[in-house]
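Below is one structure; the comments refer to it alone.
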Amino acid sequence: MRLPLCATVALLAACTATPPEPAVRRAEPAAPAPAPERPWVVVPTHRPHPAASERWAVSSELPGLAGWQVVAGKQNAAATAAASKDGGLGWEIAFTGRDGLEYAELAIDRPLPAGTGAMAWGLSWQADHPWVPALRVRLIDASGEVHQFTAGRPRFDDRRNVLVVFDGEDAVWGGDGNKRLDQPVRLQSLIVDRPGKGLSAHVAATLTAPVLLSRRPPAAEPAFTLEARQPPVGQIYDTGTPGELRARLPRGSVTWRIEDLAGRGLAQGSGGDPAVLVPLPTTVDGWYDVTFTVRDGAARAVHSYRCLARPAGRVRNPALGVCTHFQWVGRKGSGWTVDGLAVVDRLGFGAIRDEIPWGAAEPTLGTYRLNRHPDQVPAQADWFIDPAVQLGLEPLLIFCYGHAQHPGWPTTAAARAAFAGYAARQAAAYPSVKSFEVWNEWSVGTGVPKEQRDGRNTAEAYAGLLQEVVPAVRAVRPDAQLIGTGGEHPRWQGKEWEAMLKAGSAAATPLHSLHPYRWQGTPEASGLVAEIEQASALVRSHGGSGRLWITEIGWTCPPENMGVDERGQAQCTLRALALLRSIPAVERVFLYDLMDDGLDPSEKEHHFGLVHHSSRALMPKPAAAVVAVFNRLTAGRPCGERTVRGDLHAVRWADAGGDDLLLVWSAGAPQPIQIEGAARACDAAGRPLAAVPASVDGWPVYLRGPGVRLR
């Protein structure tokens, strides 16, 4: 193509002209590189336990309540039984507080059809004592072997609220001793048992006719995978960090709902395959439960994800610790992992309580395995000590349990000397550990195999052990803080504990430990404060200081056994902490325990955890949330001031800078409150409230501000 003449001249001029000097340009700042997208990670889910009616079907009914007879043996409490007006069986029981066994028993002899897997019945009771009785069933098999099973927490329905599953019996005796239910099997008796020795109480119970149950076949479940965008350890987010879930399902649909600590709905939605995105409310402090209901035709499943949002930064509450089993890390099937230490850190505890038992520290007498390096976790029980200290945590170690060469309790002269040597060697090996507890639950035989429980665990024997251990430890660690009496229960083992004090234990150590478990009782109804104050006075009366450490307290929430539900665990835990921190004699409290130790829905010992089992990603239960807030708000504050007005309870912590703190709740029906002073309010999980509430219920509420107090 030819250009016009004018265009050609212009182009030549442009090509031959001297180019101008380039203008000086300032370098533009480089655009920031986009933040890498946080990866999606598959997370396990919590599976809400199905109702008993979804797991069991009625197979037959026992023929009425005729024929049940009160058993009047040496171990039985005084009782009577007679037909009630509503067609049930009235059962009046009087527990007298004897030291030996004492339980009420109704006997019957009825055959059970093969395939019977459980039994349910209705039971209501009234008692003049806050404890709930333990409920048991005894079966006798073809060989004459007796199998005793403990009932689960009432869950069946209003008419049949007690369920006993014939699996995992708590006691077996007699017969061929094979611990199997050999057919044919007969129902022998129903038992109402007291929770501990020394209980005096009157119980009025009413029973309805039992029904026999068979297990329903498991229902088909739709496929479902849950992912979280780079979730933190233990699903504990720093507030302000955006969180997001992605529910993946190859087919079907899902509905989701987010609830807060009190069960209030915050958001909900639904969707279908291939994925549904759910934003988490982690920009605000609080505990959140995201429930997914997945459907694919007739198949249905429920999954849950729990998380906690709390302010960034490290908090250490020196007055509060948690019991752990880090010495089990590396043990096959224990579930304990090194991630648990990060969870302790993020929840704000100031201490942990653990142990390196005698047999682990000294496998053969004179050969010790202490103070090794953390890289030997699978083989070494003490890996956690240095990492804990580096995090600012204070370990409390227990000198505990027998040895293969000195089985049972160390009560002989040789065993006491050997145990004292182990204690001294352990104290010397860990100069960063300041506190040691001498034994754990001496009177009840914790850690001692049943076949070795020969009755040698007397109060005098424990006092004798202290006489060996204390000087041996003082010789190598004069700075060590020793805690005596080994965590007895001040009520259930009250007589044994007082005998220990009388025998010389009171003055042997400056501190004493207690394990005041409440079982299903609330801290207020079960008299926790009075019990601890009386215990301190008792120590002083026998020459001790009266200073106490509560080295275990907690509430278990097994789905198929007697206990509390998860929200009940949180309420009782928080209220107990507030009350204990208002008692001047109580210097430190340890909650039992950090993590669920197993997954068996009927095993009480598996469900004390503040967080779920490691196979559930250590997800926080409601109790973890309330403890994290309590640690943050009360760390460094002195002993609180307690106020009680009927069911209304409050604990106030004054602050020299004017940041006073008030925790207020009701132990019964909702109570109106009136407050002095300007206050900011938040719920038990730290979620801010728009205003000071006009009333409170079982969930404590925090109020903060200068001069805040109950009017």
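The values are calculated or read from the model by the stated rules, or taken from the named source; none is laboratory data. As the structure is a computational prediction, the values presented were derived from the model and not from experiment. Every residue, glycine among them, receives a Cβ derived from its backbone with ideal geometry; neighbour counts consider all protein chains shown. Accessible surface is based on the protein model in full, side chains and every heavy atom, while ligands, DNA and RNA are left aside. Shrake-Rupley method; radii C 1.70, N 1.55, O 1.52, S 1.80 Å.
Among the residues of the range 144-171, the one identified as over 24 Å from GLU54 (Cβ atoms), part of a loop (DSSP other than H, G, I, E, B), touching a strand residue (DSSP E or B) at 6+ places or on another chain (Cβ under 7 Å) and modelled with pLDDT of 85 or more is GLU145. Every listed requirement among (1) under 26 Å from GLU54 (Cα atoms); (2) at pLDDT below 95 is met by VAL290 save one, (2). Pairs meeting the criteria (first residue in the range 273-302 and without any contact (Cβ under 8 Å) to a residue 24 or more places away in the chain, second residue buried (at least 21 other Cβ atoms within 10 Å of the Cβ), beta carbons under 7 Å, at least 6 apart or on different chains) are lacking. All told, GLY350 falls short of being touching a strand residue (DSSP E or B) at 6+ places or on another chain (Cβ under 6 Å), surrounded by fewer than 22 Cβ atoms within 10 Å (Cβ to Cβ) and assigned to a helix (DSSP H, G or I).
Is it true that some residue in the range 308-328 is open to solvent by 50 Å² or more (accessible area, probe 1.4 Å), farther than 30 Å from ARG353 by Cβ and either at pLDDT 95 or above or not in a strand (DSSP E or B) (or both)? The answer is no, given that none of the residues of the range 308-328 is open to solvent by 50 Å² or more (accessible area, probe 1.4 Å), farther than 30 Å from ARG353 by Cβ and either at pLDDT 95 or above or not in a strand (DSSP E or B) (or both). Could you list, in sequence order, all residues of the range 257-280 that are farther than 16 Å from HIS303 by Cβ and open to solvent by 50 Å² or more (accessible area, probe 1.4 Å)? Listed by number, the residues that qualify are ARG264, LEU266, PRO274, PRO279. All of (1) among the hydrophobic types (A, V, I, L, M, F, W, C); (2) open to solvent by 60 Å² or more (accessible area, probe 1.4 Å); (3) under 22 Å from ASP289 (Cα atoms) hold for ALA617 with one exception: (2). For the range 208-239, a residue qualifies if it is open to solvent by less than 60 Å² (accessible area, probe 1.4 Å), part of a strand (DSSP E or B) and closer than 30 Å to THR116 by Cβ, and the qualifying residues are VAL211, LEU212, LEU213, SER214. Taken over the range 56-80, the criterion of being within 30 Å of SER304 (Cα to Cα) and either open to solvent by less than 30 Å² (accessible area, probe 1.4 Å) or in contact with a Gly (Cβ under 8 Å, 6 or more places away or on another chain) (or both) is satisfied by TRP56, ALA57.
Every residue, every condition in (1) within 23 Å of GLN569 (Cβ to Cβ); (2) out of contact with any Lys or Arg (no Cβ under 8 Å at 6 or more places or on another chain); (3) modelled with pLDDT of 95 or more, yes or no:
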site: ARG632; (1), (2), (3): yes, no, yes
site: ALA650; (1), (2), (3): yes, no, yes
site: SER666; (1), (2), (3): yes, yes, yes
site: PRO672; (1), (2), (3): no, yes, yes
site: ALA685; (1), (2), (3): yes, yes, yes
site: TRP699; (1), (2), (3): yes, yes, yes
site: TYR702; (1), (2), (3): yes, yes, yes
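Of all the criteria given as (1) modelled with pLDDT of 95 or more; (2) touching a helix residue (DSSP H, G or I) at 6+ places or on another chain (Cβ under 8 Å); (3) more than 26 Å from ASP382 (Cα to Cα), the one not satisfied by SER443 is (1). On inspection, VAL254 does not qualify as in contact with a Leu (Cβ under 9 Å, 6 or more places away or on another chain), farther than 26 Å from VAL696 by Cα and either acidic (Asp, Glu) or surrounded by 14 or more Cβ atoms within 10 Å (Cβ to Cβ) (or both).
Against the condition free of Cβ contacts under 8 Å to residues at least 60 places away in the same chain and of a type in the set (S, T, N, Q), how does THR255 come out, does it pass? So THR255 fits the description; yes. Filtering ALA654, ALA617, ALA628, ALA578 for residues that are among the small types (Gly, Ala, Ser), more than 22 Å from VAL701 (Cα to Cα) and more than 12 Å from the chain's Cα centre (by Cα) leaves a single hit, ALA617.
Any chance the range 421-431 includes a residue that's more than 22 Å from ALA499 (Cα to Cα), open to solvent by 40 Å² or more (accessible area, probe 1.4 Å), in contact (Cβ under 8 Å) with a residue 24 or more places away in the chain and among the hydrophobic types (A, V, I, L, M, F, W, C)? Yes, there is a match, as at least one residue in the range 421-431 is more than 22 Å from ALA499 (Cα to Cα), open to solvent by 40 Å² or more (accessible area, probe 1.4 Å), in contact (Cβ under 8 Å) with a residue 24 or more places away in the chain and among the hydrophobic types (A, V, I, L, M, F, W, C).
In the condition set (1) over 13 Å from the mean Cα position of the chain (by Cα); (2) surrounded by fewer than 21 Cβ atoms within 10 Å (Cβ to Cβ); (3) small (Gly, Ala, Ser), GLY598 is compliant with all but (1). Restricted to the range 84-98, and to residues there that are more than 14 Å from ALA201 (Cα to Cα) and either exposed (fewer than 12 other Cβ atoms within 10 Å of the Cβ) or in contact with a helix residue (DSSP H, G or I) (Cβ under 6 Å, 6 or more places away or on another chain) (or both), the residue that is modelled with the lowest pLDDT is ASP86. Inclusion of LEU662 among residues that are modelled with pLDDT of 95 or more and of a type in the set (A, V, I, L, M, F, W, C) is warranted.
Please go through the range 555-577 and give me each residue that is hydrophobic (A, V, I, L, M, F, W, C) and either crowded, with 22+ Cβ neighbours inside 10 Å or under 27 Å from VAL338 (Cα atoms) (or both), ordered by number. Once the filter is applied, which keeps residues that are hydrophobic (A, V, I, L, M, F, W, C) and either crowded, with 22+ Cβ neighbours inside 10 Å or under 27 Å from VAL338 (Cα atoms) (or both), the range 555-577 yields TRP555, CYS557, VAL564, ALA570, CYS572, LEU574, ALA576, LEU577. Of the numbered criteria (1) open to solvent by 50 Å² or more (accessible area, probe 1.4 Å); (2) in contact with a Leu (Cβ under 8 Å, 6 or more places away or on another chain); (3) not β-branched (Val, Ile, Thr), the one GLU437 fails is (1).
Which number in (1) under 20 Å from ARG567 (Cβ atoms); (2) in a strand (DSSP E or B) marks the one condition that ALA247 misses? Tallying (1) under 20 Å from ARG567 (Cβ atoms); (2) in a strand (DSSP E or B), ALA247 fails exactly one: (1).
The numbered conditions (1) open to solvent by 10 Å² or more (accessible area, probe 1.4 Å); (2) farther than 29 Å from ASP170 by Cα; (3) touching a residue at least 40 places away in the same chain (Cβ under 8 Å) are all true for ALA530 except (3). For the range 354-376, the count of residues that are in a strand (DSSP E or B), within 25 Å of the chain's Cα centre (by Cα), touching a residue at least 60 places away in the same chain (Cβ under 8 Å) and surrounded by 15 or more Cβ atoms within 10 Å (Cβ to Cβ) is nonzero. Looking at the range 249-275, which of its residues are under 13 Å from THR225 (Cβ atoms) and at pLDDT 95 or above? Residue satisfying the conditions is VAL254 alone. Of the candidates PRO471, PRO407, the single residue that is surrounded by fewer than 20 Cβ atoms within 10 Å (Cβ to Cβ), closer than 20 Å to GLU362 by Cβ, at pLDDT below 95 and not β-branched (Val, Ile, Thr) is PRO407.
The residues of the range 477-525 that are on the phi < 0 side of the Ramachandran plot, in contact with an Asp or Glu (Cβ under 9 Å, 6 or more places away or on another chain) and open to solvent by 10 Å² or more (accessible area, probe 1.4 Å), listed by number, are PRO490, ARG491, GLN493, GLY494, LYS495, GLU496, ALA499, ALA503, TYR517, GLU524.
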